[in-house]
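Undergrad: The structure is given below, and queries will be raised subsequently.
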Ligand SMILES: [Zn+2]
């Protein structure tokens with residue numbers, strides 16, 4: 001546990017709890033083992049033996065446990081890495097209580113309880129649940145035999161992860177808990193998968209958009225042409241108004257010109273009369 005000293009806040013509930021569980025799980029059993037990664041207390045690797053009297057009896061399965069920052073208030077996520085024919089690999093599967101409270105996780109549960117529940121849950125039928133695989137017994141047995149040679153890049157040969165002759169079976173209390181546990185894959189997928197689903201949702205939008213646009217343009221085109229006609233009408237009326245306006249101003253200017261001419265003639269006549277008077281005097 002020394003590797004986590006100084007790296008994590010040891011006063012935090014989740015850190016305290018995970019360090020305690022790591023100590024409790026230090027000794028491997030013949031059915032399961034689990035340990036946190038050296039560099040990350042919130043990611044564990046586990047190994048489980050397939051339940052006896054099942055298609056998985058010969059199998060040894062390895063996987064990751066991702067613990068939320070809120071652990072143990074929120075449940076761990078389990079990801080199986082060894083092909084097994086019951087759960088999809090590299091997919092988050094979460095544990096819940098089946099029945100009336102499907103989303104309930106009890107903070108009193110632990111990584112050990114989760115692993116015991118996972119072992120017990122393996123032989124149950126998948127019935128098309130997300131993340132479940134309904135392989136034939138033959139296929140599962142074949143995968144079980146193959147699983148023994150699985151090597152984890154972090155942990156090495158997984159069969160070495162299990163002890164021989166060390167058994168820590170579930171207590172009566174744990175058994176009653178395990179009986180009502182269910183596992184299902186999360187509907188919300190990993191980021192790359194959600195990207196794909198986003199892509200899927202955008203595809204129909206993309207295909208429908210042009211058709212909508214076409215429909216819209218088909219609807220708009222008569223309106224647009226009608227609008228254009230209205231505009232044309234308006235522009236012609238405006239033009240006719242503009243055409244009339246210079247004519248009107250021309251009329252006014254002709255009248256003005258005439259008026260000023262008459263005034264000029266009158267003024268000149270008066271001037272001539274005045275001049276004539278002056279010369280005569
Ligand atoms: Zn590993």
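The values are calculated or read from the model by the stated rules, or taken from the named source; none is laboratory data. Computed from a predicted model, the values in this text were never measured in an experiment. With ideal geometry, Cβ positions are generated from the backbone for all residues, glycine too; neighbour counts draw on all protein chains shown.
Undergrad: Within region 19-76, track down each residue that is more than 15 Å from the ligand (Cβ to nearest atom), more than 20 Å from residue 2 (Cβ to Cβ) and surrounded by fewer than 17 Cβ atoms within 10 Å (Cβ to Cβ).
TA: Selection gives 30, 52, 53, 57, 68, 69, 70, 73, 74.
Undergrad: Of all residues in region 1-46, count the ones that are outside any loop (DSSP other than H, G, I, E, B), within 21 Å of residue 147 (Cβ to Cβ) and in contact with a helix residue (DSSP H, G or I) (Cβ under 7 Å, 6 or more places away or on another chain).
TA: Count: 6.
Undergrad: Another question, if that's okay. Take residue 38 and tell me if it is under 30 Å from residue 143 (Cβ atoms) and in contact with a strand residue (DSSP E or B) (Cβ under 7 Å, 6 or more places away or on another chain).
TA: On the way: under 30 Å from residue 143 (Cβ atoms): yes; in contact with a strand residue (DSSP E or B) (Cβ under 7 Å, 6 or more places away or on another chain): no.
So residue 38 fails the test.
Undergrad: Residues in region 146-157: is at least one within 16 Å of the ligand (Cβ to nearest atom), at positive phi and at pLDDT 90 or above? So that I can check it myself, show each step before the final result.
TA: We begin by selecting, within region 146-157, every residue within 16 Å of the ligand (Cβ to nearest atom); these are 147-157.
This time we only want the ones that are at positive phi, so: 156.
Filter once more, so that each one left must be at pLDDT 90 or above: 156.
Yes: region 146-157 contains one or more residues that are within 16 Å of the ligand (Cβ to nearest atom), at positive phi and at pLDDT 90 or above.
Undergrad: Let me confirm something: among 173, 138, which residue is loosely packed, with under 13 Cβ neighbours inside 10 Å, modelled with pLDDT under 90 and outside any loop (DSSP other than H, G, I, E, B)? Full working, then the answer.
TA: Numbers: 138 fails: modelled with pLDDT under 90.
Every option except 173 fails the conditions.
Undergrad: Let me ask something additional. Tell me, please, whether a residue that is within 16 Å of the ligand (Cβ to nearest atom) and touching a strand residue (DSSP E or B) at 6+ places or on another chain (Cβ under 9 Å) can be found in region 127-136. Step through it out loud before you land on a result.
TA: The first filter runs over region 127-136 and keeps only residues within 16 Å of the ligand (Cβ to nearest atom), leaving none.
Checked against the condition, which is being within 16 Å of the ligand (Cβ to nearest atom) and touching a strand residue (DSSP E or B) at 6+ places or on another chain (Cβ under 9 Å), region 127-136 yields no hits at all.
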